[in-house]
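Please treat every number below as a calculation from the coordinates, not as lab data. No experiment lies behind these values; they were computed from the predicted model shown. Heads up, the Cβs are rebuilt from the backbone with ideal geometry, glycines too, and the neighbour counts pull from every protein chain shown.
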Amino acid sequence: MIIENCAAIVTGGASGLGEACARKLSAAGAKVSIFDLNEERGTTVAKQIKGQFAKVNVADEASVAAGLDLAEQGHGASRILINCAGIGHGEKATSRGEPHALDNFERVIKINLIGTFNCIRLFATRAAALEPVNSEERGVIINTASVAAYDGQIGQAAYSASKGGIVGMTLPIARDLSRDGIRVTTIAPGLFKTPLMDSLPEEIQESLGQSVPFPPRLGDPGEFAALVQHVCENAYMNGETIRLDGSLRMAPR
């Protein structure tokens with residue numbers, strides 16, 4: 001996919017990995033629409049990259065459809081979708097005689113997994129109707145999983161299940177969309193310096209970074225965004241989940 005002048009959507013684009021992707025794609029010439037619930041921050045980032053913002057709940061069908069309409073009105077039909085919206089949650093299956101709260105588990109699954117699929121299905125339906133470009137390619141979708149999909153730690157049942165679901169649906173959706181010329185790839189990041197990580201004390205961040213074999217540091221969101229750009233531009237990258245983690249394998253805790 002040629003990024004220049006291409007309309008792109010980044011969910012969760014107001015901060016963290018999503019913001020880095022929005023900035024990277026904009027710098028490469030894309031017309032970027034940010035979908036996020038953080039209206040103040042999302043609007044600020046959108047203005048800085050000369051893009052546009054839509055307040056979108058990725059798990060809600062009507063909200064995503066309205067966001068896609070707004071994106072198309074401002075930038076034309078989108079051919080790139082980057083799914084970065086998601087939340088984390090830590091809770092054991094049972095602790096101190098109490099079971100894991102079911103509504104907490106459902107909320108993580110709904111936002112991370114169902115929200116990702118919701119955006120995929122609605123975006124893909126529109127992209128499939130576009131005229132193909134670049135050797136029959138109509139679009140590219142890049143999802144965000146996590147190394148927790150493989151190395152889930154204590155208390156990460158909900159988060160790991162949601163990210164494992166994203167990994168698991170990558171290949172079948174890529175196969176579903178192959179005849180439409182839409183590629184689907186997932187990136188599973190390790191420990192990255194995001195706003196969530198910044199909330200931890202500096203010494204803990206340093207310790208976590210040192211746990212990475214090489215390079216022994218936290219990942220930079222720009223490195224994630226660089227891989228996103230490459231996947232967009234590499235027409236043979238499809239149906240795969242790529243770990244981006246400095247060869248880290250998470251310990252149980």
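With the simple spin-label model, which puts each label point 7 Å out from Cα in the Cβ direction, the GLU98 to GLU136 separation comes to 5.6 nm. Our estimate of slack between ALA128 and LYS50, defined as 0.36 nm per intervening residue step minus the Cα-Cα distance, is 25.4 nm. The distance from the alpha carbon centre of segment 10-73 to that of segment 197-211 is 28 Å, rounded to a whole number. One compactness figure for segment 206-253 is 1.37, namely its Cα radius of gyration divided by 2.2 N^0.38 Å. Once both axes come from the Cα atoms, what is the angle between helix 115-127 and the longest principal axis of the chain, in degrees from 0 to 90, rounded to 10? Helix 115-127 and the main axis of the chain meet at about 10 degrees.
Taking the Cα atoms of the chain, the ratio Rg/Rh between the radius of gyration and the Kirkwood radius comes to 0.96. Take the convex hull of the alpha carbons in segment 154-206; its mean projected area over all directions comes to 5.1 nm².
So if each residue of separation counts as 0.36 nm, and I subtract the Cα-Cα distance between GLU39 and ARG175, what length gain in nm does that give?
45.5 nm
Overall, the chain carries a charge dipole of about 180 debye about its Cα centre when +1 sits on the Cβ of Lys and Arg and -1 on the Cβ of Asp and Glu, all other atoms neutral.
Largest GNM mean-square fluctuation across ASP69, ASP103, ASP176, computed for the chain with C-alpha springs under 10 Å, falls on ASP103. Out of the DSSP beta bridges found with both residues in the chain, what percent are antiparallel (nearest 5)? Looking only at bridges with both residues in the chain, the antiparallel portion is about 10 percent. Counted without the sites themselves, the longest stretch of the chain free of GluC sites (Glu not before Pro) in a DSSP loop having at most 13 other beta carbon atoms within 10 Å is 5-135. Ordering ASN38, ALA124, THR94 by Cα displacement along the dipole of the chain toward the positive end leaves ALA124 in first place; charges were set at the Cβ atoms of Lys, Arg (+1) and Asp, Glu (-1).
Against the chain, whose longest principal axis is taken from its Cα atoms, helix 221-233 shows a tilt of about 40°. Here the residues ILE182, ILE114, ranked from fewest to most Cβ neighbours within 10 Å of their Cβ, fall in the order ILE114, ILE182.
Under a Gaussian network description of the chain, with springs only between Cα atoms under 10 Å, the residue in GLY76, GLY16, GLY139 that fluctuates furthest is GLY76.
As a proxy for reagent exposure, CYS84, CYS21, CYS232, CYS6 were ordered by neighbouring Cβ count within 10 angstrom, fewest first; the result is CYS6, CYS232, CYS84, CYS21. Excluding same-chain neighbours fewer than eight residues apart, the lysines reachable from LYS110 by a Cα-Cα span under 17 Å are LYS163.
Under a crude label model (7 Å from the Cα following the beta-carbon direction), how far is ILE154 from LEU196 in nanometres? Spacing of the two 7 Å Cα→Cβ label points: 2.0 nm. What's the angle, to the nearest 10 degrees (0 to 90), between helix 39-48's Cα axis and the longest principal axis of the chain? Helix 39-48 sits at roughly 50 degrees to that axis. Within a straight-line Cα-Cα reach of under 14 Å, LYS193 can be paired with the following aspartates and glutamates, leaving aside sequence neighbours fewer than 8 residues apart in one chain: GLU19, GLU202, GLU203, GLU206, ASP220, GLU223, ASP245.
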